[in-house]
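Chemist: Encoded as structure tokens, here's the structure I'll be asking about.
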Amino acid sequence: MATICTETNGDPTKIREELGYISDEATPNKISPGLMQTLISTARSALDDSRINREWLLGPSNSIKAGTAYIAHQWKSSHFDPPKVACAYNAGGIYYNGSPNNHWKMRQYPIGTSEHADRFVKWFNDFYFVMAKENIRPKVTFFEKVSQ
């Protein structure tokens with residue numbers, strides 16, 4: 001949920017073209033369609049499916065499937081720690097960035113800022129606040145998956 005809110009505010013039609021984008025076929029590593037804004041190339045790799053395309057990722061459940069597969073793929077470096085999940089998802093991994101304007105000290109875009117992880121952590125905390133207030137306990141949580 002925090003990734004969806006951080007990336008698109010819940011808009012499943014969002015498409016982000018990175019600098020150098022030519023076409024979906026020529027530069028699948030420069031186009032992020034759908035709720036979770038997963039690059040086409042990343043979704044293909046995370047799900048081991050070369051057929052994944054823009055149209056597929058614009059399906060909300062497909063975008064969630066690809067994005068969560070990518071988050072799960074990165075668990076050894078993120079350990080599902082929320083700021084690390086945010087930065088790894090946003091920057092393709094966890095990399096040091098010592099900018100004085102980046103209190104997380106992890107690479108994220110825009111480079112040299114803490115903007116991405118800050119937004120993510122706010123959404124993450126909001127999600128758990130609502131869950132607690134409504135006395136809702138998810139069937140599967142990050143904590144249970146990591147501690148098993």
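Every number here is computed from the coordinates shown, using simple stated rules; none is lab data. Model, not experiment: these values are computed from the prediction. A quick note on method: Cβ atoms are made from the backbone with ideal geometry, for glycine too, and the neighbour counts reach across all protein chains shown.
Chemist: Only residues that are closer than 15 Å to residue 51 by Cα and touching a Phe, Trp or Tyr at 6+ places or on another chain (Cβ under 8 Å): list them for the stretch 4-30, please. Lay out the reasoning, then the answer.
Modeler: Step one: of the stretch 4-30, the residues closer than 15 Å to residue 51 by Cα are 24-29.
Selection gives 27 alone.
Chemist: If residue 34 passes every condition in (1) over 20 Å from residue 114 (Cβ atoms); (2) of a type outside the set (Val, Ile, Thr); (3) surrounded by fewer than 19 Cβ atoms within 10 Å (Cβ to Cβ) but one, which one does it miss?
Modeler: Evaluating residue 34 over (1) over 20 Å from residue 114 (Cβ atoms); (2) of a type outside the set (Val, Ile, Thr); (3) surrounded by fewer than 19 Cβ atoms within 10 Å (Cβ to Cβ) leaves (3) as the failure.
Chemist: What residue, of 44, 54, is touching a strand residue (DSSP E or B) at 6+ places or on another chain (Cβ under 7 Å) and surrounded by 13 or more Cβ atoms within 10 Å (Cβ to Cβ)?
Modeler: None of the other options fit; the residue is 54.
Chemist: Name the single residue that is farthest from residue 36 (Cα to Cα) among those in the stretch 100-133 being surrounded by 13 or more Cβ atoms within 10 Å (Cβ to Cβ) and among the small types (Gly, Ala, Ser).
Modeler: Selected residue: 112.
Chemist: Another one. Which residue is farthest from residue 86 (Cα to Cα), if the candidates are limited to the stretch 20-52 and must be part of a loop (DSSP other than H, G, I, E, B) and hydroxyl-bearing (Ser, Thr, Tyr)? Talk me through it step by step, then tell me what you get.
Modeler: Restricting attention to the stretch 20-52, the residues satisfying the condition of being part of a loop (DSSP other than H, G, I, E, B) are 20-27, 34-39, 48-52.
If we keep only those that are hydroxyl-bearing (Ser, Thr, Tyr) too, we end up with 21, 23, 27, 38, 50.
On the way: 21: 23, 23: 27, 27: 24, 38: 13, 50: 25 Å.
Here the answer is 23.
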